[in-house]
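The values are calculated or read from the model by the stated rules, or taken from the named source; none is laboratory data. Everything quoted here is computed from the prediction, not taken from an experiment. Cβ: placed from backbone, ideal geometry, glycine included. Neighbour counts: every protein chain shown.
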Amino acid sequence: MSFAQWPWLTLILLGAWHGINPAMGWLFAVALGLQKRSRISVFEALLPIACGHALAIGSIVFLVYFLGMAIPLKWLQMGGAATLFCVAIWKLWRARHPTWVGMRVSFWDLTNWSWIMASAHGAGLMIIPVLLGARASFCGSVSSDETLSATLDPVLALFVVLIHTISHLAVSGVTAWLVYDFVGLAVLRRAWVNLDWIWCCSLLGAAVVLLFVPIACFAGSP
């Protein structure tokens, strides 16, 4: 596999990891399906949840793009790493989830809820190392003292969001289906893995990658 393919594989794997996390929506979709006693309701709920997740990811992607017009990459890199680190520590210290939405929700209620949940959990921040560290594929060939003003293609950035969201939707859909039809929520209560702790470790890992890996890439830039 060539280097140019690794960023896309990383986006797909991150989408899968986000899809597995119950806080990203599939658990709520299953609960709605059980309440209505309808498998169709489970899958209907997943679409607005995926849209909200895409909004959270897209917000970070285009925030990086616009900040990159004025801020040198080395400062963007350090700022992104610091933000990831702070979010991870905050979540480890205060492991609570936003719970403003009820069980009777519309399409836009679910979309907004998903956007808030993904943003609060730092899902979009995990994409930053891919955007900056894989500049050969997404941002052209630039040095750490340059900006992204003429190198990051907005259409390509949209494709980044789309690839990640499709992966998230596919994995969350399969997970929701397995839980709804075969596993059940009662089993999850008896045999639950603390994904919040693993998620925080993922945020810390992304911070480390963002802080050190792009430095090695920039060192080899012309």
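Among (1) at pLDDT 85 or above; (2) touching a Gly at 6+ places or on another chain (Cβ under 7 Å), which single condition is LEU14 missing?
(2) is the only condition that LEU14 fails.
Going through THR147, THR175 one at a time, which residue ends up being at pLDDT below 85 and of a type in the set (Val, Ile, Thr)?
Just one listed residue meets the conditions, THR147.
Being touching a residue at least 40 places away in the same chain (Cβ under 8 Å), under 29 Å from LEU169 (Cβ atoms) and over 11 Å from the mean Cα position of the chain (by Cα) is the filter here, so list the residues in region 60-75 that pass it.
Within region 60-75, PHE62, VAL64, TYR65, GLY68 qualify.
Given the options LEU84, LEU67, LEU73, name the one that is closer than 22 Å to TRP113 by Cα and among the aliphatic types (A, V, I, L, M).
Of LEU84, LEU67, LEU73, the one residue that is closer than 22 Å to TRP113 by Cα and among the aliphatic types (A, V, I, L, M) is LEU84.
Condition (residue is crowded, with 21+ Cβ neighbours inside 10 Å, modelled with pLDDT under 90, in contact with a helix residue (DSSP H, G or I) (Cβ under 9 Å, 6 or more places away or on another chain) and not in a helix (DSSP H, G or I)) applied to region 68-86: is it met by at least one residue?
Within region 68-86, one or more residues are crowded, with 21+ Cβ neighbours inside 10 Å, modelled with pLDDT under 90, in contact with a helix residue (DSSP H, G or I) (Cβ under 9 Å, 6 or more places away or on another chain) and not in a helix (DSSP H, G or I).
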